[in-house]
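Here the structure is laid out as structure tokens; the discussion comes afterwards.
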Amino acid sequence: MAAGFGKGRGSDRLVVLGGKARTHGPGRVWLVGAGPGDPELLTIKALKALQAAEVVVHDGLVSDEILDLAPSSARRISVAKRKSRHSYSQDEINRMLVAFALEGLNVVRLKGGDPFIFGRGGEELEACREAGVECLIVPGVTAALAASANAGAPLTHRGAAQAVTFVTGHAAKGGEPDLDWESLARPNQTVVIYMGLSMAAPIAARLLAAGRDGATPALIVENASRADERRIVTTLSGLPEAAAALSGPALLIVGEAMALARAGDGRPHLETLIREARA
């Protein structure tokens, strides 16, 4: 029988998955980036890893379209995390991955975006290494890349953005992040804030106080790359009010290059582009 983790109270939520005991050696863990949501942005290597999975431990934002690429026999375990509401602690997830791999199973830890961009993939990698479990990394398209591409606003742009910085909108234990605001306030650079929607007002205030021009273009992208994507073009000064109109997972992007951004909803689908090309 293979070890698994089920719902319940306490730190030890070990259950048993059906099946015969494994006779071969330890399995391995794949940390796979599922991309921002659009299944067409999944990499070929990620697809191959999914197709070989025996257990898929996935984030809540990973779509069913992507999960269905795994074999029907693969066990799916959601470890969905939302602000202030976690189904599993990070320590439980780490132990889960190690336990499955030590049972000889091929485990895919499927994470939204890229595992190493605010995905806590580094913590899971360390846990596997400490347990002697082989861990392989498959990078994914991080949300910032999809958001800027769909909006038509490059993250770097000659004469407008000589650098791009990714930051988190929340401190490790909640609240305002401890960032180098003076550095982030310098002109001609793009600042991408992940998980910053609820902190838009204090983040904008910090950047303004550090000297960033209130007229600096800004973009908010909700559900980047998904069919229900929404974009709001605004300025740094208008960021708090614009953010208040949204509630879903969103990125805040501040920088002169965002002057090229297009507001709007949705994204072009491949089938639509093909029809337009044939017309």
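The numbers here are math on the coordinates, done by the rules we state, and not lab data. Worth saying up front: this structure is predicted, and the values here are computed from it rather than measured. Note that we place each Cβ from the backbone using ideal geometry, even for glycine, and neighbour counts take in every protein chain shown.
Things worth noting here:
- Relative to the Cα centre, the charge distribution of the stretch 143-265, modelled as +1 at Lys and Arg Cβ and -1 at Asp and Glu Cβ, gives a dipole magnitude of about 180 debye.
- Cross-link reach is defined here as a Cα-Cα straight distance under 12 Å, omitting same-chain residues fewer than 8 places apart; for residue 111 the aspartates and glutamates meeting it are 59, 124.
- Sorted largest first, extent of the stretch 85-190 alpha carbons per principal axis (Å): 54, 29, 24
- Spin-label model, residue 48/residue 209: points 7 Å from Cα along the beta carbon direction are separated by 5.1 nm.
- Difference of contour (0.36 nm per residue) and Cα-Cα distance, residue 78 to residue 171: 31.0 nm
- Quotient of the Cα radius of gyration of the stretch 143-265 and 2.2 N^0.38 Å, N being its number of residues: 0.94.
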